[in-house]
1. Looking for whichever is in contact with an Asp or Glu (Cβ under 9 Å, 6 or more places away or on another chain) and free of Cβ contacts under 8 Å to residues at least 40 places away in the same chain here; the options are 33, 5, 42, 55. Which one fits?
2. Considering only region 296-311, I want to know if a residue exists there that is under 16 Å from residue 259 (Cα atoms) and surrounded by fewer than 17 Cβ atoms within 10 Å (Cβ to Cβ).
3. Got a sec? Which of 433, 453 is of a type in the set (D, E, K, R), at pLDDT 95 or above and on the phi > 0 side of the Ramachandran plot?
4. Evaluate the following for residue 95: is it in a helix (DSSP H, G or I), crowded, with 16+ Cβ neighbours inside 10 Å and in contact with a Pro (Cβ under 6 Å, 6 or more places away or on another chain)?
5. Go over the candidates 264, 236, 258 one by one and state the one that is more than 30 Å from residue 23 (Cβ to Cβ), touching a Cys at 6+ places or on another chain (Cβ under 7 Å) and surrounded by 23 or more Cβ atoms within 10 Å (Cβ to Cβ).
6. Of all residues in region 188-215, how many are touching a strand residue (DSSP E or B) at 6+ places or on another chain (Cβ under 7 Å) and near the ligand (Cβ under 6 Å from one of its atoms)?
7. Return the residues of region 318-334 that are in a loop (DSSP other than H, G, I, E, B) and crowded, with 22+ Cβ neighbours inside 10 Å; say none if nothing qualifies.
8. Quick one: which residue in 216, 253 is among the acidic types (Asp, Glu) and either without any contact (Cβ under 8 Å) to a residue 12 or more places away in the chain or buried (at least 19 other Cβ atoms within 10 Å of the Cβ) (or both)?
Amino acid sequence: MDAIAVLNPYTGEEIGRVPRGTARDVERAVQAAREGARQMRALPQHRRVAILAAAAQRLTAEAEPLAHLLTAETGKTIREARAEVARAATILQLASEEARHLHGETIPFDALPATEGRKGFYVREPVGIVGAITPWNVPLALVAHKVGPALGAGNAVILKPAEQTPLIALQLARILRECGLPEQALHVVTGYGEEAGDALVTHPDVPFLTFTGSREVGMQLPARAGYKRITLELGGNSPVIITPSADLEQAAEGIVRGGFAVAGQLCISVQRVLVQESVVDALIRELLPRVRALRVGDPRDEHTDMGTLIHRHACDRVERDVQEAMAAGAILLTGGQRLGPTLYAPTVLQNVPRQARIAVEEAFAPVVLLMPYTTLEDAIALANATAYGLNAGIFTRDLEEALTAAQEIVAGTVCVNDVPTFRSDLMPYGGRKQSGLGREGVRFAMEEMTELKVVSFRL
Ligand code: NAD
């Protein structure tokens, strides 16, 4: 069988090999997952609760080696990797708790004259087999966000992790098995998107597909998937509005945290900072020293603040986008250079033309754009002026401004006095417009991964 080499994006070294799965492997996984789905459905709820809770504890116990693997596979810093392992443990713990509360309700049939004389209720049944496809940028926590709720709701899962980061997903599968998950309940098919991924998307016996990845791929999937339920968590180009009443220190800290975490490779990275004209200079004074203080380099070093991009091409792309924006009139305030094959300096651009590619597309790189505005109305229109609608933020001390932005910005989440990079794993999370369909967040994913069944007794 062909293999895929997994590379460390910082050193370029090969750190492992995984099978290049094909449609045949997906078919075999589906066959086995049918039995897995039967077993999961029969498993008492308290057993699912216990397995997920044990796996959460095990993740915590094995945190250090897992974090090192994550750093090696993604190039994110060791501190970011540790935070992701802790987050994955929290997600599985939440899934365990929510699994205990997954239930239906009674139905008041006699509230309508036409249906009186009946008693009944509805239950939540597992959908059966959940197909899950995940990206490389948060390859443990985002797998946990799919696998945890799916298993908690009593489903079997076939997971196709990103080809760049399959090793950490395989570790999570091992831990779940060691914690008592039935063998057939979780299958990891490693491979490329167009091969193993597409086979999973198009398989008629996978009734539910949950995908996190790029808009380019995600938007094609409903047509490929055919008649099945689907949730999509796609890209973003998150705006944050800085009003004249904003606490600029707090805003600058947030922009640095949200703009350069994982080298800007988060779907909710701060990309566009929409700043009211009168406070542009003051914000720049707060922001630039903080950006320049970021230590960029070896992600294994405890002192490194920002690691690498996932591969050379990502670095080539950001170089091109920044140069293009500058050629169109943007001013480079800091950064703008390549520091290694996959390292790019934290970059801030000012006055980026509103139509520049980097202003309307997802940058997915350590680049923050400062774009001036005059009125709040203008800022909101600018915030909405992309195809994306994932998270947005506004810094203001004015309640009316906050509420207007919360109401008018088309996004899954609007964060007041916080950057759009804010996410709690228990909140409903997902995008509007081309940022996605459906919601994750443990309870909400679990609800999506169940079917309601009504039982009615005629008395
Ligand atoms: P990607 O779309 O290239 O790949 C994501 C996954 O889809 C991978 O497992 C890949 O193998 C698979 N895939 C690729 N082509 C496929 C196809 N034709 N059929 C089926 N599967 C296919 O994305 P990526 O580069 O791995 O991840 C980065 C993107 O993910 C960014 O756009 C980012 O914003 C987005 N993202 C979104 C969220 C969110 O929650 N909304 C979270 C993280 C990342």
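1. Details: 33 fails: free of Cβ contacts under 8 Å to residues at least 40 places away in the same chain; 42 fails: in contact with an Asp or Glu (Cβ under 9 Å, 6 or more places away or on another chain); 55 fails: free of Cβ contacts under 8 Å to residues at least 40 places away in the same chain.
From the options 33, 5, 42, 55, the qualifying one is 5.
2. no
3. 433
4. Against the criterion (in a helix (DSSP H, G or I), crowded, with 16+ Cβ neighbours inside 10 Å and in contact with a Pro (Cβ under 6 Å, 6 or more places away or on another chain)), residue 95 qualifies.
5. On the way: 264 fails: touching a Cys at 6+ places or on another chain (Cβ under 7 Å); 258 fails: touching a Cys at 6+ places or on another chain (Cβ under 7 Å).
Answer to the check: 236.
6. 4
7. Initial filter on region 318-334 (in a loop (DSSP other than H, G, I, E, B)): 328-330.
If the condition is that a residue be in a loop (DSSP other than H, G, I, E, B) and crowded, with 22+ Cβ neighbours inside 10 Å, then 330 is the only one that fits.
8. Values: 253 fails: either without any contact (Cβ under 8 Å) to a residue 12 or more places away in the chain or buried (at least 19 other Cβ atoms within 10 Å of the Cβ) (or both).
None of the others qualify; the one that does is 216.
The values are calculated or read from the model by the stated rules, or taken from the named source; none is laboratory data. The shown structure was predicted, so the numbers you read here are calculated from the model rather than taken from an experiment. Cβ sites come from the backbone with ideal geometry, for glycine too, and all protein chains shown count toward neighbours.
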